[in-house]
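Just below is one structure, and these are the notes that go with it.
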Amino acid sequence: MKVLLRRVLVRACAAAIFLVSNLNGSFAQANVATISTTGNGTLTIPSGVTSITVELWGGGGAGGGASSQNPTAGGGGAGGAYRIFTIAVIPLNTYNYFVGAGGTGVSAGNGNAGLASWFNSNSAANRASGGAGGSASTLTLTPGVGGQNTLQTDFTYRGGSGANAVSASYGGGGGGSAGSGGIGGTSTSATSGTAGVGTLPGSAGANGQTLNGNGFVAAGWGAGGGGARRTSGSRIGGDGSNGKIVITFRNITGTIPVGTTGILAANNPYYSNLQSALDFLDLTSVVGPTTMELQDASNTLAGSLTIDNIPGSSFTNTVTIRPKAGLASTISANLNATALFFRTEASNFIFDGINTGGASLTITNTSNGFSGANTIAFTDGSRNNTFRNCNIYGSST
């Protein structure tokens, strides 16, 4: 059965359109980019995105080494700081960033500090400090001192300090990196400082060495390295772990290209297919009319396409799905027991086939094995959804 809809608000049932209720969609964190490669880089903002939240971790400081005196031990490195801020951005513009590396340990020397991480500009407001390195033991057998978090100046939350060494017993433990909800844990012994808490937590520091060996290397991100201890030979403090940057794309408006044909690198993988694009929008907020413009002639779905109510959508801030100019596009799936589109309380969507200049949109369930297989399913909470100029096909049996 073919249903041709032109400029009407769909409210009725047909073989291709069926009302259902109590459906729940689930989505991955599709609107987040994590950057962990250290050094300079650039990020191009995806189409339509107008604001982002930036979360930064500075690199962790390295633990101190142990000198040729006997016994001696180095202090633990401090954890890196955490910084969060939100800024307005321009779609498809490129922004600079720097991911701070963790400090490196030195044989019988002071641990190097971790480097700061920053986004958009290397200014205090856009930067998270790295952790200080732990000091090495001295020729007078003075134990190494842990890196101190009081040296950090750019932060929302500081990383934890490393522990001072006790040469007869241990190298100092590394401080934990800060998290999105609190400071990193400070070490006071060979045991590492704990990770800062939060939705995006920090990482625990490395333990200090208690035997004759190099300091332990920190894991995770922004954590302080452990101090070394020696009873023979010179020893190297443990490296701090690298910082990282997490970008969350927030507000969105305008036209989003969806598909693989001619798609820009900045838009991949966020808009590479319909489901990934809808997942992206579901985790952002539309701040104006938004159009998902299909770039591929064929859009074959592996399963039902789940559409949730997009945050910020309204009678004026609608979300339109349409083909690009001149493109005859088809959205299809072969589904027996469910509908092609599950609309779970979704509202303010417009499906527009255009039907001018060669542009058209066909929505079809190609199932042959189930009489009455549905194409579009609405929940009772859906409203203000429009299908116009679309060819909609239900089951062919």
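Quick test of your reading of the structure: Ala128 fulfils all but one of (1) closer than 28 Å to Ser67 by Cα; (2) of a type in the set (Gly, Ala, Ser); (3) open to solvent by less than 60 Å² (accessible area, probe 1.4 Å). Name the failing condition by number.
(1)
Could you check segment 74-105 and list, in sequence order, the residues that are part of a strand (DSSP E or B) and out of contact with any Asp or Glu (no Cβ under 6 Å at 6 or more places or on another chain)? Reasoning before the result, please.
Initial filter on segment 74-105 (part of a strand (DSSP E or B)): 82-88, 94-99.
If the condition is that a residue be part of a strand (DSSP E or B) and out of contact with any Asp or Glu (no Cβ under 6 Å at 6 or more places or on another chain), then Tyr82, Arg83, Phe85, Thr86, Ile87, Ala88, Thr94, Tyr95, Asn96, Tyr97, Phe98, Val99 are the ones that fit.
Are there any pairs, at least 6 apart or on different chains, whose C-beta atoms fall under 8 Å, with the first in segment 371-387 and closer than 20 Å to Leu361 by Cα and at pLDDT below 75 and the second part of a strand (DSSP E or B) and open to solvent by 30 Å² or more (accessible area, probe 1.4 Å), and if so, which?
Partner pairs satisfying both residue conditions: Phe378/Phe18; Phe378/Leu19.
For the condition at pLDDT below 90 and either part of a loop (DSSP other than H, G, I, E, B) or buried (at least 24 other Cβ atoms within 10 Å of the Cβ) (or both), what is the one hit in Gly144, Gly172?
Gly144
Need pairs with beta-carbon distance below 8 Å; first residue over 12 Å from Gly215 (Cβ atoms) and within segment 161-172, second among the charged types (D, E, K, R); sequence gap 6+ or separate chains.
Filtered contacts from segment 161-172: Ser167/Arg229.
How many residues, within segment 147-160, are in a loop (DSSP other than H, G, I, E, B) and either farther than 30 Å from Ser68 by Cα or open to solvent by 10 Å² or more (accessible area, probe 1.4 Å) (or both)?
Final tally of qualifying residues: 8.
What are the residues in segment 49-108 that are among the polar types (S, T, N, Q) and modelled with pLDDT under 95, if any?
Selection gives Ser67, Ser68, Gln69, Asn70, Thr72, Ser107.
Tell me which of these Ile307 doesn't satisfy, since it passes every other one: (1) modelled with pLDDT of 95 or more; (2) within 25 Å of the chain's Cα centre (by Cα).
Of the numbered conditions (1) modelled with pLDDT of 95 or more; (2) within 25 Å of the chain's Cα centre (by Cα), the odd one out for Ile307 is (1).
Can you tell me which residues in segment 63-95 are of a type in the set (Gly, Ala, Ser) and open to solvent by 30 Å² or more (accessible area, probe 1.4 Å)?
Within segment 63-95, Ser68, Ala88 qualify.
Might you let me know whether segment 346-360 holds any residue that is at pLDDT below 85, in contact with a Ser or Thr (Cβ under 7 Å, 6 or more places away or on another chain) and under 18 Å from Asn384 (Cβ atoms)?
Looking through segment 346-360, at least one residue is at pLDDT below 85, in contact with a Ser or Thr (Cβ under 7 Å, 6 or more places away or on another chain) and under 18 Å from Asn384 (Cβ atoms).
Applying the selection to segment 306-344, what residues are aliphatic (A, V, I, L, M), surrounded by fewer than 21 Cβ atoms within 10 Å (Cβ to Cβ) and assigned to a strand (DSSP E or B)?
Of everything in segment 306-344, just one residue is aliphatic (A, V, I, L, M), surrounded by fewer than 21 Cβ atoms within 10 Å (Cβ to Cβ) and assigned to a strand (DSSP E or B), namely Ala328.
Okay, residues lined up against (1) within 18 Å of the chain's Cα centre (by Cα); (2) under 19 Å from Phe155 (Cα atoms):
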{"site": "Thr42", "(1), (2)": "yes, no"}
{"site": "Ser47", "(1), (2)": "yes, no"}
{"site": "Glu55", "(1), (2)": "yes, yes"}
{"site": "Ser68", "(1), (2)": "no, no"}
{"site": "Pro71", "(1), (2)": "no, no"}
{"site": "Gly77", "(1), (2)": "no, yes"}
{"site": "Ala116", "(1), (2)": "no, yes"}
{"site": "Ser121", "(1), (2)": "no, yes"}
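Can you give me the ranges of the strands (runs of 3 or more DSSP E) entirely in segment 238-303 with at least 2 residues that are within 30 Å of Ala101 (Cα to Cα) and open to solvent by less than 40 Å² (accessible area, probe 1.4 Å)?
Values: elements: 244-249, 251-258, 285-294, 298-300.
Where strands (runs of 3 or more DSSP E) fall fully within segment 238-303 and carry at least 2 residues being within 30 Å of Ala101 (Cα to Cα) and open to solvent by less than 40 Å² (accessible area, probe 1.4 Å), they are 244-249.
So which of Ala195, Ala128 is within 23 Å of Asn40 (Cβ to Cβ) and under 25 Å from the mean Cα position of the chain (by Cα)? Before you say what the answer is, go through the steps one by one.
On the way: Ala195 fails: within 23 Å of Asn40 (Cβ to Cβ).
Of Ala195, Ala128, the one residue that is within 23 Å of Asn40 (Cβ to Cβ) and under 25 Å from the mean Cα position of the chain (by Cα) is Ala128.
Is it the case, given these coordinates, that Asn214 is open to solvent by 10 Å² or more (accessible area, probe 1.4 Å), among the polar types (S, T, N, Q) and at pLDDT 95 or above?
yes
The values are calculated or read from the model by the stated rules, or taken from the named source; none is laboratory data. Not measured: the values here are computed from a predicted model. Cβ sites come from the backbone with ideal geometry, for glycine too, and all protein chains shown count toward neighbours. The accessibility values were calculated without ligands, DNA or RNA, using every heavy atom of the protein model including side chains. Shrake-Rupley method; radii C 1.70, N 1.55, O 1.52, S 1.80 Å.
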